[in-house]
Amino acid sequence: MLKGKTVLLGVTGSIAAYKIAYLASALKKLHADVHVLMTKNATNFINPITFESLTGNKCLVDTFDRNFQFQVEHVSIAKKADVVMIAPASANVIGKLAHGIADDMLTTTVMACKCKKIISPAMNVNMFENPIVQDNLKILEHYGYEVIQPASGYLACGDTGTGKMPEPQTLLAYIEKEIACEKDLKGKKILVTAGPTQEAIDPVRYITNHSSGKMGYSVAKAAMLRGADVTLVSGRTAIEPPMFVKVVPIVTAKEMFDAVTSVSDEQDIIIKAAAVADYRPAVVSSEKVKKKDGEMSIALERTDDILKYLGEHKKENQFLCGFSMETQNMVSNSRAKLEKKNLDMIAANNVKEKGAGFQGDTNVLTLITQEEETSLPLMSKEDAANQLLDKILMLTSNQN
């Protein structure tokens, strides 16, 4: 949610300008206060009324427009802004901003802003690759602008190459990263595991579980939004990994063990939300096992216990949080796991409880430490992730 946040969108003369209507709408749905600034050329691609209807605010184009409240408009909006995004950003406006030229409402306002500025170039591939444009982008980066690299593909002019403005959801992710949360985890390195593992029986079949990865992905995204440097070690899932997170894809429990233990010493916080197989087939057939009359059994062997290893090798001031999904005796079983594996906290849930099972978008967690148990009500996995991080932050602050 972006309630209470003010976002300035600068729109310049590019065919991609129409996409910003979708971005403005998405921001309003997140309860942001959205103001749109347009160059005169941009009004040839999309009408200012579109943005006024979507945002509820006057779309500013003319620096000397007298039809506004009695205050210096570009300065008042600049003071309110929490973040500025110029998208699409033309070569012309990029050049102006890089060299301090403020000759319209957009450039004048941006020059007056002290908040974070994000710029998304969109133009013909040959223009984008022009050394002058590239030098101007480097100048903007030198002055603290964040430049979003354009996508590659078929361009509106008929050429193919780099110059496409990313989709609105990508632009929204950049804005959320900047202003959605207080950066109370800045400077922390956090490792999160998520999703199921798959243990092969033969080239066709495998043993797995019902984990969707949603809880772990929610934790990784929440930690990233709060400023942490996040590594996500993930089994195969059907969901898109969060942006701005280092993703390490794995398939088997052994691959997850190797991926986690190779970087575990570097982490301040480790949150093991993955559903890792406890057993794997002792023998994996190189050919498909054919169906036969009668029964069939598969010999299983234990997989490496990642959480146990991490508990045994936990470094000083490192915080280790596990997850425990139970069907009975949830608290006692989870507390036994906490003790046995030398964890600082365990997040427990009961798969039989409504809203707490696999695949869903909600969860019902009980956060268990040596000293206490905190029962959370039914909530979205995003909210549960933040409650989990709040608890970890409180506990690690007490340690210090």
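Residues checked against (1) outside the structural domain of LYS314 (by TED's automatic domain parsing); (2) assigned to a strand (DSSP E or B); (3) crowded, with 16+ Cβ neighbours inside 10 Å; (4) among the charged types (D, E, K, R):
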| residue | (1), (2), (3), (4) |
| --- | --- |
| ILE346 | no, yes, yes, no |
| LYS354 | no, no, no, yes |
| THR374 | no, yes, no, no |
| ASP390 | no, no, no, yes |
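Scanning the stretch 88-106 for residues that are surrounded by fewer than 24 Cβ atoms within 10 Å (Cβ to Cβ) and of a type outside the set (A, V, I, L, M) turns up SER90, ASN92, GLY95, LYS96, HIS99, GLY100, ASP103, ASP104.
This table checks each residue for (1) at pLDDT 95 or above; (2) in contact with a Gly (Cβ under 6 Å, 6 or more places away or on another chain); (3) not assigned by TED's automatic domain parsing to the domain that holds LYS254.
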| residue | (1), (2), (3) |
| --- | --- |
| TYR145 | yes, no, yes |
| TYR154 | no, no, yes |
| TYR174 | yes, no, yes |
| ALA200 | yes, no, no |
| VAL233 | yes, no, no |
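One residue stands out among those in the stretch 219-243 that are part of a loop (DSSP other than H, G, I, E, B) and in contact with a strand residue (DSSP E or B) (Cβ under 8 Å, 6 or more places away or on another chain): the one that is surrounded by the fewest Cβ atoms within 10 Å (Cβ to Cβ), which is ARG236.
Summed over the stretch 244-266, residues that are in contact with a strand residue (DSSP E or B) (Cβ under 7 Å, 6 or more places away or on another chain), aliphatic (A, V, I, L, M), touching a residue at least 24 places away in the same chain (Cβ under 8 Å) and not in a helix (DSSP H, G or I) total 3. Residues that are in contact with a Leu (Cβ under 8 Å, 6 or more places away or on another chain), surrounded by 14 or more Cβ atoms within 10 Å (Cβ to Cβ), outside any loop (DSSP other than H, G, I, E, B) and hydroxyl-bearing (Ser, Thr, Tyr) do occur in the stretch 267-290.
For PHE323, the criteria (1) in contact with a Lys or Arg (Cβ under 7 Å, 6 or more places away or on another chain); (2) outside any strand (DSSP E or B) hold in every case but one, which is (2).
Being within 27 Å of ILE20 (Cβ to Cβ) and surrounded by fewer than 24 Cβ atoms within 10 Å (Cβ to Cβ), is that true of even one residue in the stretch 202-218? Taking every residue of the stretch 202-218 in turn, none turns out to be within 27 Å of ILE20 (Cβ to Cβ) and surrounded by fewer than 24 Cβ atoms within 10 Å (Cβ to Cβ). Restricting the stretch 254-266 to residues that are surrounded by fewer than 17 Cβ atoms within 10 Å (Cβ to Cβ) and touching a His at 6+ places or on another chain (Cβ under 9 Å), the residue that is farthest from ASP344 (Cα to Cα) is THR261. Over 20 Å from GLN318 (Cα atoms), under 11 Å from the mean Cα position of the chain (by Cα) and assigned by TED's automatic domain parsing to the domain that holds ILE392: does that describe TYR206? Answer is no for this residue. Kindly establish whether LEU185 is modelled with pLDDT of 95 or more, within 28 Å of the chain's Cα centre (by Cα), buried (at least 18 other Cβ atoms within 10 Å of the Cβ) and in a loop (DSSP other than H, G, I, E, B). Criteria met by LEU185. Evaluating MET325 against the criteria (1) modelled with pLDDT of 95 or more; (2) surrounded by 14 or more Cβ atoms within 10 Å (Cβ to Cβ) leaves one unmet condition, (1).
If you go through the stretch 81-102 and keep only what is free of Cβ contacts under 8 Å to residues at least 12 places away in the same chain and charged (D, E, K, R), you end up with just LYS96. Condition first: under 21 Å from LEU376 (Cβ atoms), crowded, with 20+ Cβ neighbours inside 10 Å and under 30 Å from the mean Cα position of the chain (by Cα). Can you find one or more residues in the stretch 302-319 that meet it? Looking for residues that are under 21 Å from LEU376 (Cβ atoms), crowded, with 20+ Cβ neighbours inside 10 Å and under 30 Å from the mean Cα position of the chain (by Cα), one finds at least one in the stretch 302-319, hence yes.
Scanning for something surrounded by fewer than 14 Cβ atoms within 10 Å (Cβ to Cβ), assigned to a loop (DSSP other than H, G, I, E, B) and at pLDDT below 95, does the stretch 356-363 turn up at least one residue? Yes.
The values are calculated or read from the model by the stated rules, or taken from the named source; none is laboratory data. These numbers come from a predicted model, not from an experiment. Neighbour counts run over all protein chains shown; Cβ positions are idealised from the backbone, glycine included.
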